[in-house]
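Chemist: Before I ask anything, here is the structure I am working with.
Here, each number is a calculation from the coordinates, and none is a lab measurement. For clarity, every value in this text was computed on a predicted model and none was experimentally measured. Because the Cβ atoms are built from the backbone with ideal geometry, glycine has one as well, and the counts that use them run over all protein chains shown.
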Amino acid sequence: MPGPLRGRDLLSIKDLSREEIELVLDTARIMKTRYYSGERIIPVLKGKTVALIFEKPSTRTRVSMEVAVAQLGGYPLYLRRDELQLARGEPIKDTARVLSRYVDAIAARVYSHKSLEELAAYSSVPVINMLSDLEHPLQALADVLTIKEKKGSVKGVKIVYVGDARNNVAHSLMLAVAKLGGHIVLASPKELRPREDILQAAIQAANESGGLVELIEDPFEAVKGADVVYTDVWVSMGEEAQAEEKRRLLKNYQVNEKLMSLANNNAIFMHCLPAHRGEEVTEEVIEGPWSVVWDQAENRLHAQKAVLALILSD
Ligand code: CP
Ligand code: NVA
C-alpha cells in the first residue's frame, strides 16, 4: 500500500499533517541510522530522475539534495534557471509539462512562491519547494529533526526565533513547531512579524496540537526560559533593495553571548546558514558551546532522503 505522501507535492509545511511530519522524522531517523551502519545506498529511487531547478544560489540545499537522490539510487539533475529557456521567456507552465515527460519529480528554489504554485499546477509529477520567498519546508523538517535529537521532543520545548520573523525560514519553522505541539516565540520588530495568513495557520495548528505561538518585540524578554534560540540572516536573497532598512530594523536582534545567557542553561543555538557573523549572530555564539549548526546542516540530508523516499518510492 502506498504511504500517505506518495505522489504528493511539498510546497509548504501547511501541506503536511502532524502525523505526516512525524512519519518524515521517523523515516529520517531510520535513514540516518542505516547510513551510519554503513548502508550508504538505499535504492528506493532506482531508475528515477529528480530535476533540481535553482533561481538563486545554494550550498546546503543543492548539495544535500543531489547527494540524497544519489544515495537513494536515483539521478539528480541540477538545472540553473539561467541555463534553461525559462531565462529567455519560456513560460513556467510549458517548462512544467515538458519536464514532467522526462523526470519523476521537480524540486525548485524560486524567488516567488507563485512560480512554485504554477509549476505544481502544470506538472504531472510531484513538485518540492527548495525555498521560496514564503517558505523553506525542507529546512524546517531538518530543524525539527535536530530539535528532537537534541531535546528529545518538540512538544513542550520553547523555541525562540530572533530576527526577521516574516521570512521563509521563520514561516516554515513556526508552522512545523506549532504542528508538533512546541512553544514557538517569534522575537521581531512589529514591521517584521510573520505574514498574517501563515501566522493564523500556525495559531490554528498550535490550538490543535497543544502548542503555543507567541510574538514578542523585546528579544531579551523573548529568550527567557528558551530551550532553543534560532536566527536567520537579516537580508534574505532577493531583498537586496531593502537591505539598509532591514539592518536598521534588526540592529537590536543580534544573537550574542548576552542574549544566550538569558536562555536556559542547556539551551542550544540554531541557524539555517549561511550565517553573517557580526550581524544576526556573533562569532562567539556560532562557534560556542550552544551551537548545533553543523548537526543541523547534516540533518538536511537525512530529512530530504526521507521526503524523497516517501514521495517517490513505490
Ligand atoms: N540553509 C540553506 O538552505 O542553505 P543554502 O542556501 O546554502 O541551500
Ligand atoms: N532567509 C534566507 C534563507 C537562506 C537559506 C534567504 O532566503 O536568503
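Chemist: If you build a Gaussian network model of the chain, linking Cα atoms that sit under 10 Å apart, which residue out of ASP94, ASP104, ASP164 swings the most?
Modeler: Looking only at ASP94, ASP104, ASP164, the biggest GNM fluctuation is shown by ASP94.
Chemist: Rounded to the nearest Å, what's the spacing between the alpha carbon centres of the range 151-174 and the range 297-314? Just the number, please.
Modeler: 21 Å
Chemist: Which one, LEU11, LEU79, GLN296, is farthest towards the positive end of the dipole of the chain when Lys and Arg carry +1 and Asp and Glu -1 on their Cβ?
Modeler: Looking along the dipole axis, the top candidate is LEU79.
Chemist: List the aspartates and glutamates whose Cα lies under 15 Å from the Cα of LYS179, skipping any in the same chain that are fewer than 8 positions away.
Modeler: Cross-link targets: ASP15, GLU19, GLU20, GLU22, ASP143, GLU208, GLU214.
Chemist: Using 0.36 nm per residue, how much length does the chain from ARG248 to GLU66 gain when fully extended, once their Cα-Cα distance is taken away?
Modeler: 61.8 nm
Chemist: Next question, about the same structure. Can you give me the Cα centroid spacing of the range 33-61 and the range 239-253 in angstrom?
Modeler: The distance from the Cα centre of the range 33-61 to that of the range 239-253 comes to 35 Å.
Chemist: Something else: Relative contact order, percent, of the range 88-197 when contacts are C-alpha pairs under 8 Å separated by at least 6 residues?
Modeler: Numbers: 175 pairs, mean separation 22.8, N = 110.
With pairs under 8 Å counted, the relative contact order is 21 percent.
Chemist: So how compact is the range 82-170: Cα radius of gyration and Dmax in angstrom?
Modeler: Computed over the Cα atoms of the range 82-170, radius of gyration and Dmax are 16.6, 50 Å.
Chemist: Now a separate question. Semi-axes of the equivalent ellipsoid of the range 112-253: what are they in whole Å, largest first, if each equals the square root of 5 times a C-alpha gyration tensor eigenvalue? If you can, show how the numbers build up before the last one.
Modeler: Numbers: eigenvalues 112, 88, 32 Å².
Over the Cα atoms of the range 112-253, the ellipsoid semi-axes are 24, 21, 13 Å.
Chemist: Filter LYS114/LYS224; LYS155/LYS190; LYS14/LYS48 down to the pairs with a C-alpha to C-alpha distance above 29 Å, please.
Modeler: Values: LYS114/LYS224 38 Å; LYS155/LYS190 27 Å; LYS14/LYS48 27 Å.
Over 29 Å apart, Cα to Cα: LYS114/LYS224.
Chemist: Could you work out, for the chain, what percent of all Cα-Cα pairs fall into each 10 Å distance bin, beginning at 0 Å and stopping at the bin that holds the largest distance?
Modeler: Pair shares across the bins are 6, 28, 35, 23, 7, 0.
Chemist: On full extension of the chain, what length is gained from TYR75 through GLU239, given 0.36 nm per residue of separation minus the C-alpha to C-alpha distance? Display every interim value, and only then the final one.
Modeler: On the way: separation 164, 0.36 × 164 = 59.04 nm, distance 3.28 nm.
Working it through step by step, the gained length comes to 55.8 nm.
Chemist: Counting Lys and Arg as +1 and Asp and Glu as -1, each charge on the Cβ, what is the dipole of the range 141-237 about the Cα centre in debye, to the nearest 20?
Modeler: Numbers: 11 positive and 13 negative charges, 62 e Å.
Roughly 300 debye for the range 141-237.
Chemist: Compute, for the range 275-314, the length of the dipole vector about the Cα centre, with Cβ point charges of +1 (Lys, Arg) and -1 (Asp, Glu) only. Units Debye, rounded to 20.
Modeler: On the way: 3 positive and 8 negative charges, 51 e Å.
Dipole about the Cα centre, nearest 20: 240 debye.
Chemist: Can you tell me the relative contact order of the range 1-100? Whole percent, Cα pairs under 8 Å, sequence separation 6 or more. If you can, show how the numbers build up before the last one.
Modeler: Values: 73 pairs, mean separation 23.5, N = 100.
Computed over the range 1-100, the figure is 24 percent.
Chemist: Now, a different point. Which value in deg cm²/dmol, rounded to the nearest 500, describes the helix-derived mean residue ellipticity at 222 nm for the chain, given -39,500 (n - 2.57) per DSSP H run of n ≥ 4 and division by the residue count? Mind dumping the intermediate values first?
Modeler: Details: 12 runs with 131 residues, N = 314.
After summing the helix terms and dividing by the residues of the chain, the value is -12500 deg cm²/dmol.
Chemist: Oh, and also: Using Cα-Cα distances under 8 Å and only pairs 6 or more residues apart, what relative contact order does the chain have, in percent? Walk me through the numbers on the way to the answer.
Modeler: Values: 634 pairs, mean separation 63.7, N = 314.
The normalised contact order for the chain reaches 20 percent.
Chemist: Rounded to the nearest 0.05, what FRET efficiency do LYS258 and ASN207 have when you use their Cβ-Cβ distance and R0 = 35 Å? Present the calculation step by step, with values, prior to reporting the outcome.
Modeler: On the way: r = 34 Å, r/R0 = 0.98.
Once the sixth-power term is evaluated, E becomes 0.55.
Chemist: So if I place +1 on the C-beta of Lys and Arg and -1 on the C-beta of Asp and Glu, and nothing else carries charge, what would the dipole magnitude of the chain be about its Cα centre? I want it in debye, nearest 20. Provide the component values of the computation, followed by the final result.
Modeler: Working: 40 positive and 44 negative charges, 160 e Å.
So the dipole magnitude of the chain works out to roughly 760 debye.
Chemist: Further, regarding this structure: On a straight-distance basis, which lysines could pair with LYS32 in a cross-link, Cα separation under 17 angstrom, same-chain partners fewer than 8 positions away excluded?
Modeler: Cα-Cα hits under 17 Å: LYS148, LYS150, LYS305.
Chemist: Principal axes first, then extents: for the Cα atoms of the range 10-140, list largest minus smallest coordinate on each axis, whole Å, largest first.
Modeler: Taking the Cα atoms of the range 10-140, the three principal extents are 47, 30, 27 Å.
Chemist: Need one number: nm distance between label points at GLU217 and GLU39, each 7 Å from Cα along Cα→Cβ, rounded to one decimal.
Modeler: Distance between label points: 5.4 nm.
Chemist: Still on this structure, I have one more. Step through the residues of the range 136-150 one at a time and calculate ³J(HN,Hα) from phi using the Karplus curve (6.51 cos²θ - 1.76 cosθ + 1.60, θ = phi - 60°), rounding each to whole Hz and writing x for Gly and Pro.
Modeler: Residue by residue, the range 136-150 yields 9, x, 5, 5, 5, 5, 5, 5, 6, 4, 5, 5, 4, 5, 7 Hz.
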